[in-house]
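A short worksheet on the structure shown next.
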Amino acid sequence: MNPVPVRERAPLFVQLHQDDHAGVRAELASGLQADIAFTHPKYLYDVLGSRLFEAITELPEYYPTRTEASIFASHAPAMAALIPQGMTLVDLGAGNCEKAARLFDVLRPARYVAVDISVTFLQDALQCLQRQHPLMDMVGVGMDFSAGLTLPPAAGDGQRLLFYPGSSIGNFTPAEALVFLRQAREAAPGGGLLIGVDLVKPVSVLEPAYDDALGVTAAFNRNMLLHINRLLGSDFEVSQWRHRALYKAGDARIEMHLDAVQDVTVRWPGAQRDFKQGESIHTENSCKYTPQQFEDLLREAGFSRIEQWRDPQDWFAVFLARG
Ligand code: AVJ
């Protein structure tokens with residue numbers, strides 16, 4: 001007897017646009033030369049930066065990851081009751097694909113599309129996941145979706161549930177978040193958006209979450225300088241920069257900065273920038289919302305059917321937005 005052939009599924013991978021090195025250098029240089037120097041938070045995530053962020057999520061002070069996980073643990077069945085099975089689950093910023101994988105059994109998607117800026121980071125995780133879920137179609141897409149949410153044809157034409165956990169939306173200002181949410185709605189016609197949002201809370205909880213006692217967040221922030229040195233050819237010295245995180249209540253956001261501990265001149269091919277002692281580089285915003293503010297933002301973006309679930313302390317919210 002011949003064995004019955006079994007079709008082995010394998011994930012499909014697409015990288016949308018190659019990194020544009022000249023564009024990256026121009027973006028970095030113009031931010032560093034602005035009156036108040038700034039860098040885009042995406043540059044926090046080289047390989048070491050991604051590992052440091054994973055370590056942050058395990059810190060006692062960093063409540064968002066575990067609080068969001070507790071919301072899914074308690075309420076995923078209620079969410080699933082509102083989401084048809086057999087959808088295409090589109091994971092925005094999938095990374096190690098862990099959060100989405102935990103929802104497979106309850107959401108029962110037909111297809112999983114993992115989107116991340118780097119498709120290489122997705123490869124191992126997706127191959128491993130495919131072996132555990134041999135019947136699911138899996139696609140890895142490398143694209144910078146902060147620049148636009150037009151998915152490649154490989155994502156398929158099934159009904160989509162966009163999954164955007166972790167309060168990554170907080171990296172956008174509210175005005176930018178509105179643009180992004182409108183794009184999300186257009187990218188999932190007839191489908192929906194499942195999104196995690198960090199909530200406004202006392203500064204005594206917020207600031208330690210971004211300035212932990214072990215100094216992991218400081219290392220995460222300062223490591224950006226090493227990443228920029230490689231991308232731009234600059235000569236930042238990490239020891240000359242100190243991590244600072246503060247909550248700006250007026251803007252409802254945590255800001256991360258790197259402060260020069262002395263006068264510093266940073267040089268890179270074609271230009272340089274002088275920093276006075278105490279002058280800083282603004283490296284990240286992490287915007288917080290009240291439940292009402294975020295619901296209003298979703299409505300303004302065109303969503304009409306909105307549900308939300310929160311933890312008992314009201315520290316974090318998960319929204320399902322449709323229509
Ligand atoms: C990945 C943007 C959600 O804002 O909490 C963690 C990044 N920065 N600690 C956040 C971050 C410093 C994180 N997000």
Computed magnitude of the charge dipole of region 88-184 (debye, nearest 20; Cβ of K, R +1, Cβ of D, E -1): 240
Charge dipole of region 49-208 about the Cα centre (unit charges at C-beta), most positive-ward option of Gly156, Val205, Gln85: Gln85
Debye log10 I(q)/I(0) at q = 0.19 Å⁻¹ for region 1-153, Cα point scatterers: -1.29
About the Cα centre, charge dipole magnitude for region 1-153 (Lys/Arg +1, Asp/Glu -1 at Cβ), debye: 580
Selection of GluC sites (Glu not before Pro), region 56-155, meeting DSSP coil and at most 13 other Cβ within 10 Å: Glu58
Cα-Cα separations in region 1-90 greater than 23 Å, expressed as whole percent: 63
Highest-fluctuation residue, Val200, Val24, Val141 considered, GNM on the chain with Cα pairs under 10 Å: Val24
Over the chain: helical MRE at 222 nm, DSSP H runs n ≥ 4 each giving -39500 (n - 2.57), nearest 500: -10500 deg cm²/dmol
Range of Cα positions in region 205-323 per principal axis (Å), largest first: 52, 33, 24
GNM top mover of Leu199, Leu162, Leu103 - the chain, alpha-carbon springs below 10 Å: Leu103
Alpha carbon centroid spacing (whole Å) that separates region 241-275 from region 75-103: 37
Dipole in debye (nearest 20) - the chain, about Cα centre, beta carbon charges: Lys, Arg +1; Asp, Glu -1: 740
Over the chain, volume per residue of the alpha carbon convex hull, in Å³: 152
Cα radius of gyration and Dmax for region 135-244 (Å): 18.5, 52
Antiparallel %, DSSP beta bridges [both residues in the chain], to 5: 55
GNM top mover of Asp157, Asp20, Asp144 - the chain, alpha-carbon springs below 10 Å: Asp20
Residue (of His282, His133, Ala22) at the positive-pole extreme of the chain, dipole from beta-carbon charges: His133
Calculated from backbone phi, Karplus (6.51, -1.76, 1.60) coupling profile of region 186-198 in Hz, x at Gly/Pro: 5, 7, 10, x, x, x, x, 10, 10, 9, x, 9, 7
Region 111-157 versus region 276-292: alpha-carbon centroid distance in Å: 30
In Hz, Karplus ³J(HN,Hα) per residue of region 139-154 (6.51, -1.76, 1.60; θ = phi - 60°; x = Gly, Pro): 10, x, 10, x, 7, 8, 6, 5, 8, x, 10, 6, 7, x, x, 4
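Bear in mind that the values in this text are calculations on the coordinates, not laboratory data. These numbers were taken from a predicted model, which means no experiment stands behind them. Cβ atoms come from the backbone with ideal geometry, glycine included; neighbour counts cover every protein chain shown.
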